[in-house]
Structure formats: C-alpha cells, structure tokens
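J.: This is the structure I want to talk about, given as structure tokens.
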Amino acid sequence: MNINEISVAYLEEKEQRRRASTVDGYRSSINLYILPEFGNCEIETIEPEAIQAWVDGFTKAGAAEKAFKCLRQLFNWAIRKFRLRIWNPTQGIELPSKPIYRPKTITANETAKRLRGFYGHIDEQTVIVGSTLALRPGENYGIRWDDINWRSGAVSISRSRQYVRGKIVILPTKTRKSNRILYLPKFAKDRLHAIWVSLGKPKGYINPDNPQNIARRIKSFCKRNKLPVVTMTNMRHSWATIAVEAGIAIETVAMFLGHSNIMTAYNHYIVPRKSIIKHAQSIWQDYLFEHAPKITNTSLTASLTIASECE
C-alpha cells in the first residue's frame, strides 16, 4: 500500500469526524508536500533518513513542521487502521527551529480609530463585533442578530460560518469552551442596535455576505482610508493584548477567547508590549517601596530614594 492510497482512505475517514476547514488543511498539506515526495512509495519502504532529508529541504520552518505533522498523522493512522507491523520512520525526526512569532497587533488608540472609521460602512457590524468580542473569524461571520440580547448585551457564540472549497459551511465552534456567552460593551451594543433598527430589524446573520468578500472589503477600505490594517485573527490578538494592558487577568482573557488552556492565550495571543512590561514593573516597584526596610544608611534605601526622586 502506497502513501497515495493511504491518504485517500485517511481523508475519507477524517471528513466524517473533523471540521471541513480542518480536513481542507490536511488535504492541502498532503497534495502540496507529501504526495510529490512520497506518493508512490510503499509505506514500509520509507526510511527515516528520507524523511529527515525531506524535512531539511524546506526553506520555511513553519511549512516543514506542518507538512511533517501531517505525514506523521498518516503513518500513525495507517499503522493503527491496517494493523501494520512496521517501524514508524517518523520517530526521532528533528524539525528546524522556528523564529519567534509575533502577530501584528494594534493598540487601543488604533482600535478606536478603526471603529470610528467604519461608522456607516456596510461591514461596520462585523468590525464592531470583531473588535470588542475577540472572536475567531468564523465565529464572527456566524453571529446572527437573534444571538444578541439587546437588554443585557449578551451574545451567544455557538457556531462558525466559513468559506471552504468554494462553498459556505456552518460548523460548531472549535472547542466546547468556544461555545460561550460574551457581553458587548455598552457603546458597541448601542451602535449595533441602531444598525439593526436601520436595517428593519432582520433575524439573519449580522453580515450575510460571503466571508471572503467581507474580509476583502474590510482590508481594502482600511488601505484606502489609511486605517490600521489588521486581519480578523490578529484583531483577536489585539483584543487580548489590550485586555492585559488594561489589567485584565490572563485567566479571564483565556475564558473570553474560548480557550480550554490558559497557556494557549499566553503563548499565542498576548504580545509582550512595552506598556505591559512597564506597568508590571511599576506595580512591582510600588510593592517593593511599600515593604522596604525603614533604614536610612543602606545602599538599598539610598537606591530606592534615588529611584523615587527620578519618577
């Protein structure tokens, strides 16, 4: 059995158990990277050295990691599915080190400027929801007007609306934690209500257009009007970073983002801006001053005195 045959069976099974967008990602990696290299190879003939050479041949560490993980999944699945008694050659493969990823984020000032700039725009409601609720793109596109409670500002996040392989699909949220209730800030609730009323109080999606069209329009409008350009995903990163700057606890940020693990928010969503680090040091210094020994002739006290005079 060769890798091409295995990949067909693998994708057929995953289509029954995984989100369409996830399977589309598997299919992309298989077609772009795995089949050109190993497609005609019988699974038991592939050696670790061949896989290591293949991994080393990638110019981008991120692409190498993604492709290798997909190949590893294929091997693990095939060995289990077909009860193969072979050595798994993906064990012990060394991946290239990836550069530290710092997502592009915008500040609170830029977020406010962006919100003002979209006033009256056809996609204003999408920008408001994305800026204030830090949703995943699919969650944003999946919000319906009847998901919003106009009295409390509560918004039910229960679906993801995505454009996959030429068609719009409606999927459940990414994880159980992602199915959540969030609350709009008052200004956002009031403005969304005004938009809803102006549209005749509809009951469908807050922005029923194709997700790809919405994303393109927003990006194009930002460029034409010199507004901060940021993707919906990075607007989510921006919300998380602004929240930490404002003093919101990391566990609350993780809950808001719909993460099942606090470390996901810490590792991938919060950018260590200068303002966050300086604010932390300011709090630390105040605490230190409060608990410093009341002795006048020590170097520590002298240092603290000098530091306080420089503030």
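J.: Among the trypsin sites (Lys or Arg not before Pro) within the stretch 145-228, which fall in a DSSP loop and have no more than 15 other Cβ atoms within 10 Å of their own Cβ?
T.: Answer by residue number: 151, 165, 176, 177, 203, 226.
J.: Run the 1.4 Å probe and let me know the accessible area of residue 5, rounded to the nearest 10 Å².
T.: So the heavy atoms of residue 5 present about 100 Å² to solvent.
J.: How would 42, 47, 124 line up by accessible area, probe 1.4 Å, largest first? The partial results should precede the final answer.
T.: Values: 42 65, 47 100, 124 5 Å².
Accessible-area ranking of 42, 47, 124, largest first: 47, 42, 124.
J.: Using a cut-off of 11 Å between beta-carbons, work out the net charge of the residues near residue 2 (Lys and Arg +1, Asp and Glu -1, residue 2 not included).
T.: Working: positive: none; negative: 5, 42, 44.
Its environment carries a net charge of -3.
J.: Moving on to the next point. Rounded to the nearest Å, what's the spacing between the alpha carbon centres of the stretch 130-173 and the stretch 12-53? Just the number, please.
T.: So the separation of the two Cα centres works out to 31 Å.
J.: Another question, then. With no solvent and one equal point scatterer per Cα, compute the Debye intensity ratio I(q)/I(0) for the stretch 19-75 at 0.12, 0.24, 0.29 Å⁻¹ and report its log10, rounded to two decimals.
T.: Each listed q corresponds, in turn, to -0.27, -1.02, -1.36.
J.: Further, regarding this structure: Under a 1.4 Å probe, what is the accessible area of the stretch 16-81 per residue, stated in Å²?
T.: Numbers: 3570 Å² over 66 residues.
Per-residue accessible area for the stretch 16-81 comes out at 54 Å².
J.: Carbon and sulfur atoms: what percent of the 1.4 Å accessible area of the stretch 172-249 do they account for?
T.: Details: 2530 of 4420 Å².
Carbon and sulfur together cover 57 percent of it.
J.: Length gain on complete extension for the stretch residue 177 to residue 102, per 0.36 nm per residue less the alpha carbon to alpha carbon distance?
T.: 24.5 nm
J.: Turning to a different aspect of this structure: What trypsin sites (Lys or Arg not before Pro) does the stretch 1-56 have in DSSP loop regions with at most 11 other beta carbons within 10 Å? Can you show the working numbers first?
T.: Details: sites: 14, 17, 18, 19, 27; in loops: 17, 18, 19.
Qualifying residues, ordered by number: 17.
J.: Tally up the carbon and sulfur contribution to the accessible surface of the stretch 21-169 as a whole percent, 1.4 Å probe, everything protein left in place.
T.: Heavy-atom surface of the stretch 21-169 belonging to carbon and sulfur, 1.4 Å probe: 50 percent.
J.: Then there's this: With a/c under 1.5 counting as rounded, go ahead and sort the stretch 1-110 into rounded, prolate or oblate using the C-alpha gyration tensor (a ≥ b ≥ c being the square roots of the eigenvalues; past the cut-off, prolate if a/b is larger than b/c, else oblate).
T.: On the way: a/c = 2.52, a/b = 1.52, b/c = 1.66.
Oblate is the answer for the stretch 1-110, as a/c is 1.5 or above yet b/c matches or exceeds a/b.
J.: Ok, one more. Extending each Cα 7 Å along its Cβ direction at residue 13 and residue 44, get the distance between those two points in nm, one decimal.
T.: It works out to 1.9 nm between the two label points.
The values are calculated or read from the model by the stated rules, or taken from the named source; none is laboratory data. What you see is a predicted model; the values in this text were computed from it and never measured. Reconstructed Cβ throughout: ideal geometry from the backbone, glycine too, with neighbour counts over all protein chains shown. The accessibility values were calculated without ligands, DNA or RNA, using every heavy atom of the protein model including side chains. Shrake-Rupley method; radii C 1.70, N 1.55, O 1.52, S 1.80 Å.
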